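Written out below as structure tokens is the structure these notes cover.
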Amino acid sequence: MKNILIINGNPNKNSFNYALSEAYIRGLSSTQNTMSIINISELNFDPNLQYGYNQRTELEPGLIDSIEQIKKADHIVWIFPMWWYGYPAMMKGFIDRTFLPGITFQYIDGKPLPEKLLKGKTSRIIITADTPRWYDRFIMKSPLINQFKKGTLEFCGIKPVKVTYISSVKDSKPELRDKWLNKVFLLGKKAK
């Protein structure tokens, strides 16, 4: 049995990302796994890391709770849109404020790379985009996936990190959206 955390990074509650999140939750509900959910848009916090890592910015209650959920999770599912080959600003602020030294990684004197404090956890990234995957991969070189998968999650010890790339959402027909919703439902049912 796994403890699974679902994090939705889209600020729009009427978005397809929320529908995908609900599909994953429905699938997961049929398993013996436990789940918790963070909708970043519902948290009240300052997204700015005011002092960088020089001084700890006091954490708001929602961030303290989120950090505890991240620590407890065996598997973390991130659902969010790709905007300008990155993720939404509030999600970036959430990561800046919660993925901190001593919480998700720890600097070691004399070593170029830190200790990874989230070892033993796995993750799935579900990205929606209007950019075709071939263009993202071959022309743009997948900047969002590289940054988030390698530069954040794997940097802190989360491995493996699987990616589900859903595109092109903007002009998609209801039949295709139903197919994507079913795919994410099955991911939840398999707890992947």
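The values are calculated or read from the model by the stated rules, or taken from the named source; none is laboratory data. Fair warning: this is a prediction, and the values are worked out from it, not measured in the lab. FYI the Cβ positions are ideal-geometry reconstructions off the backbone, even for glycines, and counts take in every protein chain you see.
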Can you run down the residue pairs with Cβ atoms below 8 Å, 6 or more apart or on separate chains, where the first is in segment 118-145 and at positive phi and the partner is at pLDDT 95 or above and outside any loop (DSSP other than H, G, I, E, B)? Ser142/Asp136
Filter segment 26-48 for residues that are within 25 Å of Trp84 (Cβ to Cβ) and surrounded by 18 or more Cβ atoms within 10 Å (Cβ to Cβ); the one that is farthest from the chain's Cα centre (by Cα) is Phe45
Lone qualifier among Lys141, Lys170, Lys150, Lys162 - being within 22 Å of Gly86 (Cβ to Cβ) and modelled with pLDDT under 95: Lys170
With criteria (1) of a type in the set (A, V, I, L, M, F, W, C); (2) in a loop (DSSP other than H, G, I, E, B); (3) closer than 25 Å to Pro143 by Cβ, Met1 comes up short on (3)
Inside segment 64-86, can you point out the residues that are in contact (Cβ under 8 Å) with a residue 12 or more places away in the chain and of a type in the set (Asp, Glu)? Asp74
Kindly indicate which of Ala89, Ala23 is crowded, with 16+ Cβ neighbours inside 10 Å and touching a residue at least 12 places away in the same chain (Cβ under 8 Å). Ala23
Looking only at segment 156-171, count how many residues are surrounded by fewer than 17 Cβ atoms within 10 Å (Cβ to Cβ) and more than 24 Å from Thr31 (Cα to Cα). 4
Arg97 - would you say it is surrounded by fewer than 16 Cβ atoms within 10 Å (Cβ to Cβ) and touching a residue at least 24 places away in the same chain (Cβ under 8 Å)? no
Restricting segment 32-63 to residues that are of a type in the set (Ser, Thr, Tyr) and touching a residue at least 40 places away in the same chain (Cβ under 8 Å), the one nearest to Leu187 (Cα to Cα) turns out to be Ser41
Determine which single condition Trp134 fails, assuming it passes every other condition in (1) assigned to a loop (DSSP other than H, G, I, E, B); (2) over 18 Å from the mean Cα position of the chain (by Cα); (3) hydrophobic (A, V, I, L, M, F, W, C). (1)
